Amino acid sequence: MNESILLIEDEQALRTTLSDRLRAERYIVDTAADGNEGFDKASNQPFDLVILDVMLPGRSGLDVCREIRAAGMATPIMILTVRNETVDKVVGLKLGADDYVTKPFEAAELLARVEVLLRRVPVHAGKGLHQFGAIRVDVRQAQVTRDGKPVYLTAREFQLLRYLIERPGATIPRDELLRSVWGYNAEMFTRTVDTHVFSLRQKIEENQKTPELILTVPGVGYKFVGRGKA
Ligand code: CA
(Lines give C-alpha, C1' and ligand atoms only; values in the text may rest on other atoms or scores of the structure.)
Protein backbone atom coordinates (compact mmCIF):
# COMPACT_ATOMS: atom_id res chain seq x y z
CA MET A 1 0.00 0.00 0.00
CA ASN A 2 1.57 3.28 -1.06
CA GLU A 3 0.65 6.14 1.24
CA SER A 4 -0.39 9.44 -0.28
CA ILE A 5 1.18 12.72 0.77
CA LEU A 6 0.06 16.26 0.05
CA LEU A 7 2.97 18.71 -0.03
CA ILE A 8 1.98 22.37 0.35
CA GLU A 9 5.04 24.52 -0.32
CA ASP A 10 5.40 27.72 -2.33
CA GLU A 11 9.15 27.53 -3.03
CA GLN A 12 9.27 25.76 -6.35
CA ALA A 13 12.78 24.34 -6.00
CA LEU A 14 12.03 22.81 -2.61
CA ARG A 15 8.65 21.54 -3.82
CA THR A 16 10.29 19.76 -6.75
CA THR A 17 13.23 18.28 -4.78
CA LEU A 18 11.04 17.11 -1.96
CA SER A 19 8.39 15.52 -4.13
CA ASP A 20 11.09 13.74 -6.12
CA ARG A 21 12.61 12.37 -2.93
CA LEU A 22 9.22 11.28 -1.59
CA ARG A 23 8.29 9.63 -4.88
CA ALA A 24 11.63 7.83 -4.87
CA GLU A 25 10.48 6.34 -1.54
CA ARG A 26 7.34 5.16 -3.35
CA TYR A 27 4.93 7.60 -1.80
CA ILE A 28 2.17 9.02 -3.97
CA VAL A 29 2.71 12.77 -3.94
CA ASP A 30 0.40 15.63 -4.80
CA THR A 31 1.49 19.24 -4.43
CA ALA A 32 0.02 22.69 -3.92
CA ALA A 33 1.86 25.99 -4.28
CA ASP A 34 -0.26 28.16 -2.00
CA GLY A 35 -2.48 27.92 1.04
CA ASN A 36 -5.81 28.11 -0.77
CA GLU A 37 -5.01 25.40 -3.27
CA GLY A 38 -3.54 23.35 -0.44
CA PHE A 39 -6.63 23.59 1.73
CA ASP A 40 -8.89 22.75 -1.23
CA LYS A 41 -6.91 19.63 -2.00
CA ALA A 42 -6.64 18.58 1.65
CA SER A 43 -10.37 18.90 2.17
CA ASN A 44 -11.45 17.19 -1.05
CA GLN A 45 -9.22 14.14 -1.14
CA PRO A 46 -8.14 11.74 1.59
CA PHE A 47 -4.37 11.94 2.16
CA ASP A 48 -2.36 9.90 4.64
CA LEU A 49 -0.17 12.89 5.49
CA VAL A 50 0.03 16.62 4.81
CA ILE A 51 3.41 18.39 4.74
CA LEU A 52 2.70 22.05 5.22
CA ASP A 53 4.94 25.10 4.90
CA VAL A 54 4.05 27.89 7.35
CA MET A 55 4.85 30.93 5.19
CA LEU A 56 2.53 30.60 2.21
CA PRO A 57 0.79 33.01 -0.12
CA GLY A 58 -3.00 33.03 -0.07
CA ARG A 59 -3.60 31.42 3.30
CA SER A 60 -0.86 30.81 5.85
CA GLY A 61 0.15 27.29 6.77
CA LEU A 62 -1.13 27.87 10.30
CA ASP A 63 -4.56 28.83 8.94
CA VAL A 64 -4.58 25.78 6.70
CA CYS A 65 -3.70 23.60 9.70
CA ARG A 66 -6.41 25.17 11.86
CA GLU A 67 -9.03 24.82 9.14
CA ILE A 68 -8.16 21.20 8.38
CA ARG A 69 -8.69 20.38 12.06
CA ALA A 70 -11.79 22.57 12.31
CA ALA A 71 -13.26 20.54 9.44
CA GLY A 72 -12.84 17.47 11.65
CA MET A 73 -10.07 15.90 9.57
CA ALA A 74 -7.41 14.14 11.62
CA THR A 75 -4.92 13.58 8.81
CA PRO A 76 -1.37 13.79 10.26
CA ILE A 77 0.19 17.19 9.56
CA MET A 78 3.89 18.01 9.52
CA ILE A 79 4.72 21.70 9.40
CA LEU A 80 7.86 23.22 7.89
CA THR A 81 9.11 26.22 9.83
CA VAL A 82 12.12 28.49 9.40
CA ARG A 83 14.91 28.34 11.96
CA ASN A 84 14.17 30.28 15.14
CA GLU A 85 10.50 30.70 14.40
CA THR A 86 9.72 28.88 17.64
CA VAL A 87 6.42 30.70 17.76
CA ASP A 88 5.24 29.05 14.55
CA LYS A 89 6.28 25.68 15.87
CA VAL A 90 4.43 26.08 19.15
CA VAL A 91 1.34 27.62 17.55
CA GLY A 92 1.37 24.93 14.87
CA LEU A 93 1.39 22.13 17.43
CA LYS A 94 -1.39 23.87 19.36
CA LEU A 95 -3.46 24.13 16.20
CA GLY A 96 -3.19 20.40 15.74
CA ALA A 97 0.00 19.76 13.76
CA ASP A 98 1.69 16.50 14.76
CA ASP A 99 5.32 17.26 14.07
CA TYR A 100 7.49 19.96 12.59
CA VAL A 101 10.79 20.20 10.73
CA THR A 102 12.95 23.31 10.74
CA LYS A 103 14.30 24.67 7.44
CA PRO A 104 16.91 24.10 6.19
CA PHE A 105 16.67 20.35 6.78
CA GLU A 106 18.28 17.23 5.40
CA ALA A 107 15.89 15.21 3.23
CA ALA A 108 16.85 12.13 5.23
CA GLU A 109 15.63 13.72 8.46
CA LEU A 110 12.31 14.65 6.93
CA LEU A 111 11.87 11.18 5.44
CA ALA A 112 12.54 9.57 8.80
CA ARG A 113 9.85 11.67 10.44
CA VAL A 114 7.41 11.06 7.62
CA GLU A 115 7.89 7.37 8.19
CA VAL A 116 7.20 7.73 11.91
CA LEU A 117 4.01 9.69 11.32
CA LEU A 118 2.76 7.21 8.74
CA ARG A 119 3.66 4.19 10.85
CA ARG A 120 1.09 5.33 13.37
CA VAL A 121 -1.58 5.10 10.71
CA PRO A 122 -1.79 1.51 9.56
CA VAL A 123 -3.97 1.53 6.49
CA HIS A 124 -6.83 -0.93 6.60
CA ALA A 125 -8.71 -1.31 3.38
CA GLY A 126 -12.47 -1.49 3.56
CA LYS A 127 -12.95 -0.26 7.14
CA GLY A 128 -15.33 2.56 6.85
CA LEU A 129 -17.91 4.15 9.07
CA HIS A 130 -18.72 3.75 12.73
CA GLN A 131 -21.64 5.36 14.48
CA PHE A 132 -21.95 5.55 18.27
CA GLY A 133 -25.01 7.54 19.19
CA ALA A 134 -24.41 11.06 17.95
CA ILE A 135 -20.74 10.36 17.20
CA ARG A 136 -19.80 9.26 13.71
CA VAL A 137 -16.27 8.13 12.85
CA ASP A 138 -15.17 7.96 9.23
CA VAL A 139 -11.89 6.06 9.21
CA ARG A 140 -11.07 6.62 5.55
CA GLN A 141 -11.49 10.38 5.77
CA ALA A 142 -10.03 10.46 9.30
CA GLN A 143 -13.08 12.48 10.25
CA VAL A 144 -15.25 12.59 13.37
CA THR A 145 -18.60 14.34 13.64
CA ARG A 146 -21.19 14.79 16.38
CA ASP A 147 -24.74 15.25 15.08
CA GLY A 148 -23.17 16.02 11.70
CA LYS A 149 -20.88 18.76 13.03
CA PRO A 150 -17.09 18.32 12.84
CA VAL A 151 -15.31 17.36 16.06
CA TYR A 152 -11.75 18.63 16.32
CA LEU A 153 -9.32 15.77 16.98
CA THR A 154 -5.56 15.76 16.57
CA ALA A 155 -4.09 12.96 14.48
CA ARG A 156 -2.93 11.14 17.60
CA GLU A 157 -6.29 11.41 19.29
CA PHE A 158 -7.87 10.06 16.14
CA GLN A 159 -5.46 7.13 15.93
CA LEU A 160 -6.02 6.33 19.60
CA LEU A 161 -9.79 6.43 19.12
CA ARG A 162 -9.55 4.30 16.03
CA TYR A 163 -7.31 1.74 17.73
CA LEU A 164 -9.87 1.41 20.53
CA ILE A 165 -12.89 1.33 18.21
CA GLU A 166 -11.38 -1.45 16.13
CA ARG A 167 -10.99 -3.61 19.26
CA PRO A 168 -14.40 -3.20 20.91
CA GLY A 169 -14.85 -4.73 24.33
CA ALA A 170 -11.18 -5.64 24.71
CA THR A 171 -9.16 -4.26 27.62
CA ILE A 172 -6.13 -2.59 26.08
CA PRO A 173 -3.14 -2.03 28.38
CA ARG A 174 -1.55 1.41 28.32
CA ASP A 175 1.78 0.06 27.10
CA GLU A 176 0.10 -1.59 24.13
CA LEU A 177 -1.57 1.71 23.25
CA LEU A 178 1.77 3.49 23.53
CA ARG A 179 3.53 0.99 21.32
CA SER A 180 0.81 0.83 18.71
CA VAL A 181 -0.37 4.42 18.57
CA TRP A 182 2.81 6.29 19.44
CA GLY A 183 5.54 3.78 18.72
CA TYR A 184 7.27 4.32 22.07
CA ASN A 185 8.72 1.55 24.14
CA ALA A 186 9.45 3.36 27.38
CA GLU A 187 6.99 2.87 30.21
CA MET A 188 7.73 6.32 31.56
CA PHE A 189 5.38 7.80 29.01
CA THR A 190 2.23 5.94 30.04
CA ARG A 191 0.73 9.20 31.31
CA THR A 192 0.68 10.33 27.69
CA VAL A 193 -2.07 7.80 27.09
CA ASP A 194 -4.11 9.11 30.03
CA THR A 195 -3.74 12.69 28.86
CA HIS A 196 -4.97 11.80 25.39
CA VAL A 197 -7.86 9.69 26.67
CA PHE A 198 -8.84 12.65 28.86
CA SER A 199 -8.95 15.03 25.91
CA LEU A 200 -10.69 12.45 23.69
CA ARG A 201 -13.40 12.04 26.32
CA GLN A 202 -13.89 15.79 26.46
CA LYS A 203 -14.54 15.73 22.75
CA ILE A 204 -16.63 12.62 22.19
CA GLU A 205 -18.31 11.65 25.46
CA GLU A 206 -21.72 13.05 26.28
CA ASN A 207 -20.53 13.55 29.85
CA GLN A 208 -16.81 13.04 30.40
CA LYS A 209 -17.32 12.28 34.11
CA THR A 210 -19.45 9.27 33.28
CA PRO A 211 -17.89 8.03 30.05
CA GLU A 212 -20.00 5.67 27.98
CA LEU A 213 -17.58 5.00 25.14
CA ILE A 214 -14.07 4.76 26.57
CA LEU A 215 -13.97 3.10 30.00
CA THR A 216 -11.00 3.00 32.37
CA VAL A 217 -9.91 -0.45 33.46
CA PRO A 218 -8.18 0.34 36.77
CA GLY A 219 -4.52 -0.57 36.90
CA VAL A 220 -4.51 -1.82 33.31
CA GLY A 221 -5.71 0.49 30.60
CA TYR A 222 -8.83 1.28 28.62
CA LYS A 223 -11.73 -0.42 26.96
CA PHE A 224 -14.00 0.81 24.17
CA VAL A 225 -17.62 -0.15 24.86
CA GLY A 226 -19.57 1.98 22.39
CA ARG A 227 -22.24 -0.02 20.64
CA GLY A 228 -21.84 0.91 17.05
CA LYS A 229 -23.66 0.30 13.86
CA ALA A 230 -21.76 0.54 10.60
CA1 CA B 1 7.22 29.48 2.12
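Quick notes on this structure:
- Residues in the range 188-221 that are within 24 Å of Met73 (Cβ to Cβ) and in contact (Cβ under 8 Å) with a residue 40 or more places away in the chain: His196, Ser199, Leu200, Lys203, Ile204, Glu206, Leu213, Ile214.
- Taken over the range 130-151, the residue count meeting the criterion of being more than 17 Å from Pro211 (Cα to Cα) and exposed (fewer than 14 other Cβ atoms within 10 Å of the Cβ) is 4.
- Any hit, the range 12-22, residues being within 19 Å of Gln141 (Cα to Cα), without any contact (Cβ under 8 Å) to a residue 40 or more places away in the chain and more than 15 Å from the ligand (Cβ to nearest atom): no
- Scope the range 163-189; condition at pLDDT 75 or above and in contact with an Asp or Glu (Cβ under 7 Å, 6 or more places away or on another chain); matching residues: Asp175
- Selected residue (only one of Ile51, Ile68 is away from the ligand (no atom under 14 Å from the Cβ) and either at pLDDT 90 or above or farther than 24 Å from Glu109 by Cα (or both)): Ile68
- Any hit, the range 152-166, residues being more than 16 Å from the ligand (Cβ to nearest atom), more than 17 Å from the chain's Cα centre (by Cα), among the hydrophobic types (A, V, I, L, M, F, W, C) and surrounded by fewer than 21 Cβ atoms within 10 Å (Cβ to Cβ): no
The values are calculated or read from the model by the stated rules, or taken from the named source; none is laboratory data. Given the structure is predicted, the values throughout are model-derived calculations rather than measurements. Methodologically, a virtual Cβ is constructed for each residue, glycine included, from the backbone with ideal geometry; neighbour enumeration extends over all protein chains shown.
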